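Enquirer: Please read through the structure below; I'll follow up with questions.
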Amino acid sequence: MSENEPTKDAWAEAAAILDLRAQLTTAVTGAVNHGLNRDWANAELAKLGAKPITGRTEYRMNTPITGFYGWRCTATSRAEAADRFREQIQRVAQAGKITADGSYDNVYGVHFVNNEVTFYSGPEDVEPSDEAQAMSLEELGAAIRSMVKRGVSEHGWNLGWAQQALRKMGLPELPNASHRTVAVPVSGTVEMVILAFEGDSDDAVQAAARGAVARSGRVYVQPDEVGTAVVSAPTAEATDDETPY
């Protein structure tokens, strides 16, 4: 056997690593099917060299074009029709896109400027990291356990099913967990419907908004900034009888 030829132990570890990665993808696929965020999961799987979770997703994209915009209407003269067309052109220009409004809209004589595709919707493709390929079996196991722990605490992976996944992979279970009540200062934006009168000043509108918030008691906030959580004592120990994922 040459110096560069892998030993039986090296082959066995490589096979165990491949098997562990396959088991990880299977376990995470089950969690994603029950609500775990797929984009986060795939990013983590890529870091660990595991196969990503595939599935059909809507992608929206565009590419620049030139051409002619056509529209039709009924009118008593060409002058009136031209005026109405100019009004329609202005509406389309303000909207930034052609929207269905019950009339005839058409783009023809299209010339594609280039073949560049710009995505504005849909998840990014992920590739396995180079660092993952250099992981030992022990390092991979520790990294998987860390991922699962963050999946539970940060992304809603069910604790019981996460523990079961670790057992199936032959990895140590996560430590005991407990629910804690935390106070988190949040600054953000609230969208509310208020009643205001025509001619009301800005101060009057602000006063109406403050009153609406006060009456609501609790409001849903779209967070702009999240402060540091203040942790109180644990309340109840986390159990495994939660949503099964």
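Enquirer: Among the residues of region 170-181, write down those that are modelled with pLDDT of 90 or more and either under 27 Å from the mean Cα position of the chain (by Cα) or among the β-branched types (V, I, T) (or both).
Expert: L174
Enquirer: R84: surrounded by 12 or more Cβ atoms within 10 Å (Cβ to Cβ) and over 30 Å from K149 (Cβ atoms), yes or no?
Expert: Yes, satisfied.
Enquirer: Report whether or not G35 is exposed (fewer than 12 other Cβ atoms within 10 Å of the Cβ) and either under 28 Å from Q23 (Cα atoms) or at pLDDT 90 or above (or both).
Expert: For G35, the condition - exposed (fewer than 12 other Cβ atoms within 10 Å of the Cβ) and either under 28 Å from Q23 (Cα atoms) or at pLDDT 90 or above (or both) - is not met.
Condition check ((1) under 30 Å from V113 (Cβ atoms); (2) assigned to a strand (DSSP E or B); (3) modelled with pLDDT of 90 or more) across all residues:
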| position | (1), (2), (3) |
| --- | --- |
| E3 | no, no, no |
| E13 | no, no, yes |
| D19 | no, no, yes |
| Q23 | no, no, yes |
| K51 | no, no, yes |
| G55 | no, no, no |
| E58 | yes, no, no |
| F68 | yes, yes, yes |
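Enquirer: Scan region 29-48 and tell me whether some residue there is β-branched (V, I, T) and assigned to a helix (DSSP H, G or I).
Expert: Scanning region 29-48, I find at least one residue that is β-branched (V, I, T) and assigned to a helix (DSSP H, G or I), so the answer is yes.
For every residue, the table says whether it meets (1) charged (D, E, K, R); (2) in contact (Cβ under 8 Å) with a residue 24 or more places away in the chain.
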site	(1), (2)
L18	no, no
R21	yes, yes
N33	no, yes
E44	yes, yes
Q88	no, no
G96	no, no
Y104	no, yes
V110	no, yes
V117	no, yes
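Enquirer: Checking the structure you have, find out if any residue of region 165-187 is farther than 17 Å from R21 by Cβ, in contact (Cβ under 8 Å) with a residue 40 or more places away in the chain and in contact with a Leu (Cβ under 7 Å, 6 or more places away or on another chain).
Expert: Taking every residue of region 165-187 in turn, at least one turns out to be farther than 17 Å from R21 by Cβ, in contact (Cβ under 8 Å) with a residue 40 or more places away in the chain and in contact with a Leu (Cβ under 7 Å, 6 or more places away or on another chain).
Enquirer: Same structure again: Hey, among A162, A143, which residue is under 22 Å from the mean Cα position of the chain (by Cα), assigned by TED's automatic domain parsing to the domain that holds D19, at pLDDT 90 or above and surrounded by 11 or more Cβ atoms within 10 Å (Cβ to Cβ)?
Expert: Exactly one residue qualifies, and that residue is A162.
Enquirer: Let me ask something additional. For E154, state whether it is without any contact (Cβ under 8 Å) to a residue 24 or more places away in the chain and among the charged types (D, E, K, R).
Expert: So E154 fits the description; yes.
Enquirer: Restricting attention to region 182-204, report how many residues are within 29 Å of V152 (Cα to Cα) and either in contact with a His (Cβ under 7 Å, 6 or more places away or on another chain) or modelled with pLDDT under 80 (or both).
Expert: Final tally of qualifying residues: 2.
Enquirer: Among the residues in region 173-196, are any within 30 Å of E44 (Cα to Cα), assigned to a helix (DSSP H, G or I) and in the same structural domain as A31 (by TED's automatic domain parsing)?
Expert: no
The values are calculated or read from the model by the stated rules, or taken from the named source; none is laboratory data. Bear in mind that the values here come from a model prediction, so they are computed numbers and not experimental data. In this analysis, Cβ positions are derived from the backbone assuming ideal geometry, glycine residues included, and neighbour counts consider all displayed protein chains.
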